[in-house]
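Student: Structure provided below as structure tokens; questions to follow.
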């Protein structure tokens, strides 16, 4: 039996979750791809942190070249987060003939044409299912399974932090500040929540959805973006009076004249619409297309094990299709 | 550019929808698979019916062997419906080296081990995404994209006819008989609605979901099945008093001791549960698994173009992965 060898860049929460998930489900995963799967090297400074799992000390390195230059490594998983050095590392890995899997929406959205071109040039796979909607298999579905359609519209609740805050404001009647504090205490918001509450994270994800669905690259900075910091109880009450809830929606629509409109902003959603029922920190992506009509995908948009599900799914896809 | 040649078995509503959908989206489909895609022969008695599209008369045949024995045909799409002769035709096509795509839940559910074995033996692909949930990419997601998980439970609203009837009874306060009549007038129920209202169709789909998720084959006849014919306004009111709606749920759960429980029956669903918001003729499949936690897929479960979306998606998957 062949062994698929993986180099892991970053062992924070998501990296640890991925390592754990592989241990938890190794038997099923290896049976499915008909190969052994092993994380052989890990780029990570913090080698002493208690991660709740045993990781052999010799797997850790502080030099990324130990991974890029190892001819035995087939796949590099990038879980550093942030645009740089992640994007450069992804490129270096591909230039060294490695397939790459990442969960990093910021790095992918900021460099989509460059990274997809680099993968093509090197004839390697570049998979990033976890970058939008966490565990929800939305990108693979749009890229492959539902690809017979002409897509016309996407509405996404793609940021769990803001959905949680808006949900708590709507159901508990608390202020934006109180809801943010609650989200931070529960681990749904970071100490510096800017990227989430200002809609930047949602714009990154919309940029990736647009590239996949409409074949156009829009840099996230060029997507008109309004966050949720101005949402008040008055606005929530006004929405309720109109039989609506307020959701932070990443929206793109292809108009009849071929023009693409896109925006991230707090949006009225009718209470009977499937997106209105997406509660707390959950994510959902709702699409319209000319054969299917409407489809919606719903699930956890973040968290170590859900994200690991998508990352390992990407690894298995490479194992099945590109490493036979 | 290569041409992928398809033989189509059956040109009723779904076959016509598939033919139309290929004409509508041919450019995008062919660009995606980097090949021309052509339906070259059609097994169908009714060659004169007005289908709203022009089909060259010479494509029709009344002899299935014209398709099975044509060495130029790569893929056979089976859209006859019903268990026989469909299952035998699927087998014959595979024994003749053809990849097979079908939307036929009855034939797949009744013959799952035989048909999947036959595909393996002949080293051909056997794709049936449209057989559960119509346009919803549920089977491919469970089989591949989310496969890193251990699945523990599935709850499916997999029959649009019964969901429509229960929805109308709940929102309009009409009787089962009135709602059935309405569904028949709108084309959501057949003249003989037995397979839908008695839960037989849902049991077929649950059998396929169980085979994919849990690797066990349960013949649909062995799934305890209760339909919706006994649902009254009293029962709907009782559910409402308990903050629930009644849905026909196809349910399977893997217990801690490894035992699999399965059943199709009308079930109380809490109003805040994502499945409660699946209205009218829509379908949804809700799963639990050890990494993702919860996922739900929502969309149209039937209809010519939605079903065609899944059928053509299966064709494209074969073109991309098995015919490179």
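The values are calculated or read from the model by the stated rules, or taken from the named source; none is laboratory data. This is a predicted model, so every value here is computed, not measured. As a convention, Cβ positions derive from the backbone with ideal geometry for all residues, glycine included, and neighbour counts pool all protein chains shown.
Student: Across segment B:25-53, what is the total count of residues that are surrounded by 13 or more Cβ atoms within 10 Å (Cβ to Cβ) and within 13 Å of chain A (Cβ to nearest Cβ)?
Tutor: Residues meeting the conditions: 8.
Student: Which condition from (1) more than 14 Å from chain B (Cβ to nearest Cβ); (2) crowded, with 23+ Cβ neighbours inside 10 Å; (3) closer than 30 Å to residue B:308 by Cβ is the one that residue A:139 breaks?
Tutor: Failing condition for residue A:139: (1).
Student: If you go through segment A:317-324 one residue at a time, do you hit one that is modelled with pLDDT of 95 or more, surrounded by fewer than 24 Cβ atoms within 10 Å (Cβ to Cβ), under 22 Å from the mean Cα position of the chain (by Cα) and within 8 Å of chain B (Cβ to nearest Cβ)?
Tutor: Yes, there is a match, as at least one residue in segment A:317-324 is modelled with pLDDT of 95 or more, surrounded by fewer than 24 Cβ atoms within 10 Å (Cβ to Cβ), under 22 Å from the mean Cα position of the chain (by Cα) and within 8 Å of chain B (Cβ to nearest Cβ).
Student: Out of segment A:74-88, which residues are surrounded by 23 or more Cβ atoms within 10 Å (Cβ to Cβ) and either more than 18 Å from the chain's Cα centre (by Cα) or without any contact (Cβ under 8 Å) to a residue 24 or more places away in the chain (or both)?
Tutor: Answer for segment A:74-88, where residues must be surrounded by 23 or more Cβ atoms within 10 Å (Cβ to Cβ) and either more than 18 Å from the chain's Cα centre (by Cα) or without any contact (Cβ under 8 Å) to a residue 24 or more places away in the chain (or both): A:74, A:75.
Student: Where residues in segment A:214-238 are outside any loop (DSSP other than H, G, I, E, B) and in contact (Cβ under 8 Å) with a residue 40 or more places away in the chain, which of them is nearest to the chain's Cα centre (by Cα)?
Tutor: This residue is A:220.
Student: Only residues that are crowded, with 21+ Cβ neighbours inside 10 Å and assigned to a strand (DSSP E or B): list them for segment A:270-292, please.
Tutor: Of everything in segment A:270-292, those that are crowded, with 21+ Cβ neighbours inside 10 Å and assigned to a strand (DSSP E or B) turn out to be A:282, A:283, A:284, A:285, A:286, A:287, A:289.
Here's the yes/no breakdown for (1) surrounded by fewer than 23 Cβ atoms within 10 Å (Cβ to Cβ); (2) touching a residue at least 24 places away in the same chain (Cβ under 8 Å):
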position: B:104; (1), (2): no, yes
position: B:115; (1), (2): yes, yes
position: B:119; (1), (2): yes, yes
position: B:122; (1), (2): yes, yes
position: B:128; (1), (2): no, yes
position: B:144; (1), (2): yes, no
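Student: Yes or no: residue A:23 outside any loop (DSSP other than H, G, I, E, B), out of contact with any helix residue (DSSP H, G or I) (no Cβ under 7 Å at 6 or more places or on another chain) and over 30 Å from residue A:209 (Cα atoms)?
Tutor: Taking the combined requirement at face value, the residue satisfies it.
Student: Would you check if residue A:22 is away from chain B (no Cβ under 14 Å), in contact with a strand residue (DSSP E or B) (Cβ under 8 Å, 6 or more places away or on another chain) and closer than 21 Å to residue A:304 by Cα?
Tutor: no
Student: Separate question: Within the set of pairs 6+ apart or on separate chains, which have a first residue in segment B:294-306 that is more than 7 Å from every other protein chain (Cβ to nearest Cβ) and crowded, with 22+ Cβ neighbours inside 10 Å, a second that is part of a strand (DSSP E or B) and at pLDDT 95 or above, and C-beta atoms under 7 Å apart?
Tutor: Hits for this filter: B:301/B:282; B:301/B:283.
Student: Which residues, taken from segment B:248-289, are touching a helix residue (DSSP H, G or I) at 6+ places or on another chain (Cβ under 9 Å), closer than 21 Å to residue B:208 by Cα and within 14 Å of chain A (Cβ to nearest Cβ)?
Tutor: B:254, B:281, B:282, B:283, B:284, B:285, B:286, B:287, B:289 - these are the residues of segment B:248-289 that are touching a helix residue (DSSP H, G or I) at 6+ places or on another chain (Cβ under 9 Å), closer than 21 Å to residue B:208 by Cα and within 14 Å of chain A (Cβ to nearest Cβ).
Student: Could you please give the count of residues in segment A:35-82 that are under 26 Å from residue A:322 (Cβ atoms) and in a strand (DSSP E or B)?
Tutor: 13
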